[in-house]
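J.: Handing you this structure, nothing more for now.
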Amino acid sequence: MAPLGSKNCQFIGAGPVFPVSDVQAAVDYYCARLGFELDFVSGDPADHGSVTRGRVGIQFTLAPEPFRGGSYPGWTYLFVEHIDLLAKEYEGRGLTFTRPLLTHDHGMREFELADLNGFRLRFGQYA
């Protein structure tokens with residue numbers, strides 16, 4: 001067995017898969033409101049989809065009923081560059097932040113918003 005941290009396999013990223021009640025609505029929201037690009041939507045009716053902005057991809061899968069994303073206790077952290085520009089872009093689109101844009105003692109400049117399903121998206125840049 002290779003030791004932890006072995007150079008045989010390097011992790012290069014992670015991508016969330018959000019369970020949602022309407023995959024098409026989630027894809028449309030992320031493209032129209034958050035500036036992501038459509039990768040794909042599969043199924044009829046849609047049961048899985050994917051969007052990308054830059055090097056960040058988010059997928060959506062049809063959730064069993066009932067499911068409420070807003071009751072999920074965590075959030076998805078998205079590392080970005082030029083966070084002030086992104087915050088202005090989202091303010092211009094009329095999005096409401098659940099945490100304002102601030103620089104924190106832990107060295108990150110961050111803001112947070114909730115998507116149409118209540119999932120919290122926290123955007124951060126090294127200060």
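The values are calculated or read from the model by the stated rules, or taken from the named source; none is laboratory data. Since the model is a prediction, treat every value here as computed from it, not as a measurement. Cβ: placed from backbone, ideal geometry, glycine included. Neighbour counts: every protein chain shown.
One line per residue, one yes/no per condition, for (1) touching a residue at least 40 places away in the same chain (Cβ under 8 Å); (2) touching a strand residue (DSSP E or B) at 6+ places or on another chain (Cβ under 8 Å):
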{"site": "P73", "(1), (2)": "no, no"}
{"site": "H82", "(1), (2)": "yes, yes"}
{"site": "A87", "(1), (2)": "no, yes"}
{"site": "G94", "(1), (2)": "no, no"}
{"site": "F97", "(1), (2)": "no, yes"}
{"site": "L101", "(1), (2)": "no, yes"}
{"site": "H106", "(1), (2)": "no, no"}
{"site": "R109", "(1), (2)": "no, yes"}
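J.: May I pose another question? When you check A114 against the structure, is it surrounded by 15 or more Cβ atoms within 10 Å (Cβ to Cβ) and not polar (S, T, N, Q), yes or no?
T.: Details: surrounded by 15 or more Cβ atoms within 10 Å (Cβ to Cβ): yes; not polar (S, T, N, Q): yes.
Yes, satisfied.
J.: Would you confirm whether any residue within segment 25-35 is surrounded by fewer than 17 Cβ atoms within 10 Å (Cβ to Cβ), touching a Ser or Thr at 6+ places or on another chain (Cβ under 6 Å) and at pLDDT 95 or above? Outline the logic, then answer.
T.: Of the residues in segment 25-35, the ones surrounded by fewer than 17 Cβ atoms within 10 Å (Cβ to Cβ) are 25, 28, 31-33, 35.
Still in the list and also touching a Ser or Thr at 6+ places or on another chain (Cβ under 6 Å): none.
Within segment 25-35, not a single residue is surrounded by fewer than 17 Cβ atoms within 10 Å (Cβ to Cβ), touching a Ser or Thr at 6+ places or on another chain (Cβ under 6 Å) and at pLDDT 95 or above.
J.: Assess whether S6 counts as being surrounded by 15 or more Cβ atoms within 10 Å (Cβ to Cβ), more than 16 Å from the chain's Cα centre (by Cα) and either assigned by TED's automatic domain parsing to the domain that holds F119 or modelled with pLDDT under 95 (or both).
T.: On the way: surrounded by 15 or more Cβ atoms within 10 Å (Cβ to Cβ): no; more than 16 Å from the chain's Cα centre (by Cα): yes; either assigned by TED's automatic domain parsing to the domain that holds F119 or modelled with pLDDT under 95 (or both): yes.
No, not satisfied.
J.: Just for segment 79-92: of the residues that are outside any loop (DSSP other than H, G, I, E, B) and surrounded by fewer than 16 Cβ atoms within 10 Å (Cβ to Cβ), which one is modelled with the lowest pLDDT? Steps first, please.
T.: Just the residues of segment 79-92 that are outside any loop (DSSP other than H, G, I, E, B), to begin with: 79, 83-92.
Narrowing the set further to residues that are surrounded by fewer than 16 Cβ atoms within 10 Å (Cβ to Cβ) leaves 79, 84-85, 88-89, 91-92.
On the way: F79: 93, D84: 97, L85: 96, K88: 96, E89: 96, E91: 97, G92: 96.
Residue satisfying both the conditions and the ranking: F79.
J.: Of a type in the set (D, E, K, R) and at pLDDT 95 or above: which single residue out of R120, R53 fits that description? Steps first, please.
T.: On the way: R120 fails: at pLDDT 95 or above.
Result of the check over R120, R53: R53.
J.: Quick one: is P100 more than 25 Å from D22 (Cα to Cα) and exposed (fewer than 14 other Cβ atoms within 10 Å of the Cβ)?
T.: Details: more than 25 Å from D22 (Cα to Cα): yes; exposed (fewer than 14 other Cβ atoms within 10 Å of the Cβ): yes.
Considered against the rule, which asks whether it is more than 25 Å from D22 (Cα to Cα) and exposed (fewer than 14 other Cβ atoms within 10 Å of the Cβ), P100 comes out as yes.
J.: Continuing with this model, one more query. Conditions first: (1) basic (K, R); (2) surrounded by fewer than 13 Cβ atoms within 10 Å (Cβ to Cβ); (3) under 17 Å from Y30 (Cα atoms). R68 passes all but one, so which condition is the exception?
T.: R68 satisfies all of (1) basic (K, R); (2) surrounded by fewer than 13 Cβ atoms within 10 Å (Cβ to Cβ); (3) under 17 Å from Y30 (Cα atoms) except (3).
J.: Could you check how many residues of segment 93-127 are part of a loop (DSSP other than H, G, I, E, B) and over 30 Å from A63 (Cα atoms)? Before the answer, list the steps.
T.: First, pick out the residues of segment 93-127 that are part of a loop (DSSP other than H, G, I, E, B): 93-96, 104-107, 115-119, 127.
Filter again for over 30 Å from A63 (Cα atoms), leaving 104-107, 127.
Number satisfying all stated conditions: 5.
J.: Oh, and also: With among the small types (G, A, S), touching a helix residue (DSSP H, G or I) at 6+ places or on another chain (Cβ under 6 Å) and either under 19 Å from V17 (Cα atoms) or in contact (Cβ under 8 Å) with a residue 60 or more places away in the chain (or both) as the only criterion, which of G54, G35, G118 stands out? Outline the logic, then answer.
T.: Details: G54 fails: touching a helix residue (DSSP H, G or I) at 6+ places or on another chain (Cβ under 6 Å); G35 fails: touching a helix residue (DSSP H, G or I) at 6+ places or on another chain (Cβ under 6 Å).
Among G54, G35, G118, only G118 is among the small types (G, A, S), touching a helix residue (DSSP H, G or I) at 6+ places or on another chain (Cβ under 6 Å) and either under 19 Å from V17 (Cα atoms) or in contact (Cβ under 8 Å) with a residue 60 or more places away in the chain (or both).
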